[in-house]
Structures are given as structure tokens and as C-alpha cells.
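Below is one structure, written out as C-alpha cells, with a few remarks after it.
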Amino acid sequence: MSGVFITFEGGDGSGKTTQIMRLASALRDIGCEPLVLREPGGTIVGEGVRDILLDPRHEGLDAVAETLLFAASRAQLSATVIRPALETGRVVICDRYADSTVAYQGYGRGLDLATVRGVNEWATRGLVPDRTILLDIDPGEGIAAAAPAEADRLEREELAVHARVRAGYLELARAEPARWVVIERDRADAVWGSVRAALAPVLERAGLRLEQ
Ligand code: TYD
């Protein structure tokens, strides 16, 4: 496939949105219109699934049911939006993707990792990002940054779960260093410099060079 598939991962409040917006704007500056997506969501089906997942009334949602809902949203997004876009050579930026399910449902909630990976593989039909940026953040800080007063169901999960999610992400990154780049949360400007540097090689393969 001729496009470039970039994903951002990290704990809640890790600043993914800010970095994704900067990246999209830097790409537009050089005449490239990226496709920016978020998970769960990005399709009509996916946004419906997102509403179910984030609804505070669904406090008792079973972890396996939750995993399959994330996977359903992802299957729809990857089959009907991401793959077709990559086939036409576009840059696709996704705020969370399959690794979120391994980190949150696998490491965070303790579901069997091999099963979660298998579900992901099925949902994505094996589509893996070209580069994944992990914005690493201390879970305590992330929760504070995400405005606890308005926290949704998932954000109200205990800090211990978030610590496991963080450790899981770091393990995923260590296991696949060619795909992942881990960036420490710092000032937004410093983080952007690191994000740009991390993406330069994959963008260059598509003939794209971001301005300094
Ligand atoms: P969202 O409001 O998009 O949070 P964020 O800005 O941190 O991305 O909510 C997404 C929540 O869903 C977030 O807490 C992470 C969680 N999540 C999973 O648990 N598993 C998944 O597969 C995905 C995609 C997200």
C-alpha cells in the first residue's frame, strides 16, 4: 500500500490530540491533506459504538463485551476508511488503534493477551501502522490533565489500572522497536519536535518532508 499509516497511543490526558493537530497542520503546510481519525469512532457505526462505550450508565459493561465493541468499531474503520485511503496513497493519522485494546483490555483489565491480539488481528485483517507514537505519561498527571470533574466512565477507572496500561504500552514498544517511538510528556513544543523527528523516516518514504 502506498500511503502512510501513523497512530498515536498513550494514557488519558497524554496530549495526543494536540500533537495530532500539529502534525495535520504541518502536513497541510506542505500540501498534503491527511485523513485524521479517532478510535473508537471515525465511522457512523464506530461513533455509535463509541457512545455505548463512553456512556456512564454502562458501568457494568463486561470486559469481553467491551473488547469486542472496540474491535467492532475498529473493523468498520479499517475496512471501510483506513485501507481504502492507504490504497490511494493518503497519510492516515489515527488517535488510538489496535494497541489501545492490548494496553487497556489486555494489560489494564487483565484479559488474555494472546486472545486480545487475535481479536485485533481479525478486526484489522492484519493492518498494522507504519509508525506508532507513544506519548508516555505518569498516570496520575494524565488523569489530572483530563479534567476529573467531567471524566467519563473509562476515565474514572482506578489509577492502578492506568499504571498497568502504561507498563503495557512500554512493553509493546520494547517488543517492536522498529514501529514504536516513545516520547516523554514534556512541554508541547518539545514533544512536537520529537514527534516530527520520529515521523520523518516514514514520511520521507512517501516523498514528504515536514518544514522545521
Ligand atoms: P477518549 O475520550 O477518546 O480518550 P482519549 O482522549 O484518552 O483517547 O476515550 C477513549 C477511552 O477508551 C480511553 O480511556 C481509552 C479507552 N480505550 C480502550 O480501553 N480500548 C481501546 O481499544 C480504545 C481504542 C480505547
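The values are calculated or read from the model by the stated rules, or taken from the named source; none is laboratory data. Just so it is clear, the structure is predicted and the values come from calculations on it, not from any experiment. Cβ placement follows ideal geometry from the backbone for every residue including glycine, while neighbour counts extend to all protein chains displayed.
A few points about this structure:
- Residue in the stretch 106-115 that is nearest to the ligand (Cβ to nearest atom), counting only those that are under 24 Å from GLY13 (Cα atoms) and not small (Gly, Ala, Ser): ARG109
- Scanning the stretch 58-72 turns up no residue that is in contact with a Cys (Cβ under 8 Å, 6 or more places away or on another chain) and at pLDDT 95 or above.
- ALA98 meets all of the listed conditions (1) crowded, with 19+ Cβ neighbours inside 10 Å; (2) touching a helix residue (DSSP H, G or I) at 6+ places or on another chain (Cβ under 9 Å); (3) touching a residue at least 40 places away in the same chain (Cβ under 8 Å) but one, namely (3).
Yes/no matrix, rows are residues, columns are (1) among the acidic types (Asp, Glu); (2) assigned to a strand (DSSP E or B); (3) away from the ligand (no atom under 13 Å from the Cβ); (4) closer than 13 Å to ARG96 by Cα:
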| position | (1), (2), (3), (4) |
| --- | --- |
| ILE6 | no, yes, yes, yes |
| GLU9 | yes, yes, no, yes |
| ASP12 | yes, no, no, yes |
| THR17 | no, no, no, yes |
| ALA24 | no, no, yes, no |
| GLY31 | no, no, yes, no |
| GLY41 | no, no, no, yes |
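- Criterion applied to ALA85, ALA103 was being in contact (Cβ under 8 Å) with a residue 40 or more places away in the chain, surrounded by fewer than 19 Cβ atoms within 10 Å (Cβ to Cβ) and either hydrophobic (A, V, I, L, M, F, W, C) or more than 9 Å from the ligand (Cβ to nearest atom) (or both), and the one residue passing it is ALA85.
- Of the residues making up the stretch 43-74, those that are under 19 Å from GLY110 (Cβ atoms), small (Gly, Ala, Ser) and assigned to a helix (DSSP H, G or I) are ALA63, ALA65, ALA71.
- Options LEU134, LEU86, LEU127: the member that is modelled with pLDDT of 95 or more, at negative phi, in contact with a strand residue (DSSP E or B) (Cβ under 9 Å, 6 or more places away or on another chain) and assigned to a helix (DSSP H, G or I): LEU86
- Any hit, the stretch 64-78, residues being in contact (Cβ under 8 Å) with a residue 60 or more places away in the chain and not hydroxyl-bearing (Ser, Thr, Tyr): no
- Pairs are defined by a Cβ separation below 6 Å, a sequence spacing of at least 6 or placement on different chains, a first member in the stretch 187-207 that is within 11 Å of GLY3 (Cα to Cα), and a second member that is aliphatic (A, V, I, L, M) and at pLDDT 95 or above; the pairs so defined are VAL202/VAL4; ALA206/VAL4.
- Matching residues in the stretch 182-204 - criterion: being surrounded by fewer than 17 Cβ atoms within 10 Å (Cβ to Cβ), touching a strand residue (DSSP E or B) at 6+ places or on another chain (Cβ under 9 Å) and at pLDDT 95 or above: ALA197, PRO201
- All positions within the stretch 106-141 that are more than 22 Å from LEU203 (Cα to Cα), in contact (Cβ under 8 Å) with a residue 12 or more places away in the chain, of a type outside the set (Ser, Thr, Tyr) and touching a helix residue (DSSP H, G or I) at 6+ places or on another chain (Cβ under 6 Å): GLY106, GLY108, ARG109, LEU111, VAL116, VAL119, ASN120, ALA123, PRO139
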